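Right, one structure below, let's go through it.
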Amino acid sequence: MNGIVAIIGRPNVGKSTLFNRLIGRRHAIVDDTPGVTRDRRQGEAKISDLQFTIFDTAGLESNGRNLLTEKMRGQTEVAVEQADIVILMVDAKMGITPDDMDLCRWLRRKKSDIILVANKCESNASESGILEAFNLGLGDPVVISAEHGLGMANLYLALRSKEQKLVAKDKSVLPHAETQPDMDKVYEDLDNFSVEKESEILRLAIVGRPNVGKSTLINALLGQNRVVTGPEAGITRDSIQIEWQWKKKTLYLFDTAGLRRKSRISDRLEKASGDDTWRAVRFAHVVVLVVDASMMLERQDLNIARLVIEEGRSLLIAVNKWDLIRDKIKAVKELERRVKISLPQVKDIPYVPVSALEKTNLDILIEKSFTVYDVWNQRVPTAKLNRWFEAVVQRHPPPLVQGRRLKLRYITQIKTRPPSFLCFCNQPDQVPESYKRYVVNELRKHFMLPGVPIRLLMKTSQNPFA
């Protein structure tokens, strides 16, 4: 898709709500608290026959001049520069503020293709704000309610009008049908947004405790300041998906919010950020757990690792801030000891010492990610699996149950991602957990399945004479 549309405006005018509606799912965190969005978020939007890339951006205020707001403004400026069309959104209920006027003057110096959108127009309380919007000098405002899905046809017509002007300049932006659309069909489809099915691309989620360097690592990998970073904990609030090319391979990187213990979370917004992080984990193929080398695998790091394993994702540990460690051999031994004791359910979890600031070992981290991904997708032929299984059972037979030995007949792999195996036996409910662990450990060792969770299910075979 060639066209790019950026949504900008003051904090809390409904930019993320419109972004979610246009991409067809709740992808950006929405809250009444101003300043929830901090990075520019990208998505693929569709409104009837128009398809385009859309940016959700941080809210801009003229009185915000601290380091964090300056970084957020920088992200918004990049989005505006890259965009072909900019949507300037205002809150019709609140009316036009001095910040809106300042933002409009700044935007008119940057772009000529601007659509003024008056949001929150679901009631009569917004009428005065709609009239005030004419003072911005951007023509008739597009009246919508992003939360309730009202006025989407008006937005469609405004986008299509801008597109035709750009086409006239030999700059086709928004792909569309060659003929004029049936407006009745457009109105029917406006609330049924959809997203094209993505091809099979490695999805890599970067997770960890707050302030361990996740966003800094993302920026180091990309080679640009794509996400906002800083010494304060909790800068990242929602998961940011970024498409990236590495050695002619395409990846989706997910920068996520830091995860604290649930007992320490009282803020509603932090809880929403944590939920968004876990959605990214469930969507990912490989999860990179970033830990602070000076605080090697604390309790919360281990809790995150266990939850990732329970989700069935492949796990890779990135030991960040490695440049600050003097005795590196001692640190490696401590890491291996902690993993062996605290995460016995997944043997030999791979780890890579990195430094996001110094940009060391980053290629090794991505190479390891692809290796773990291949293991996660590995399938073992049934014949080979059963020859191995026969030898394993013969070497260590299952225990007796009520004086009779359990009979394990055969095993097969039923799925990958993670590798899952089904074993047929005469009394599946009586197989002890210790014997299941023995079979899983032998599977992992013989078929080279390090660092990925393995599922082993027991089932009884049907008696044909019953």
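Every number in this text was worked out from the coordinates using simple rules, so none of it is lab data. Remember, predicted model here, so these are calculated numbers, not experimental data. Every residue, glycine as well, gets a Cβ built from its backbone with ideal geometry; the counts of neighbours run over all protein chains shown.
Peptides 334-340, 449-455, 105-111 ranked from most to least packed, by the mean per-residue count of other Cβ atoms within 10 Å: 449-455, 334-340, 105-111.
Summary of the geometry: segment 364-425 and segment 103-158, compared by the centres of their Cα atoms, lie 60 Å apart. Compared with the direct C-alpha span, the chain from residue 250 to residue 410 gains 53.7 nm at full extension, assuming 0.36 nm per residue. Among 376, 246, a tally of other beta-carbon atoms within 10 Å of each Cβ gives an order, fewest to most, of 246, 376. Length gained on full extension, residue 224 to residue 401: 57.5 nm, using 0.36 nm per residue less the C-alpha separation.
Spin-label model, residue 153/residue 378: points 7 Å from Cα along the beta carbon direction are separated by 5.8 nm.
Length gained on full extension, residue 422 to residue 327, computed as 0.36 nm times the residue gap minus the Cα-Cα distance: 29.7 nm.
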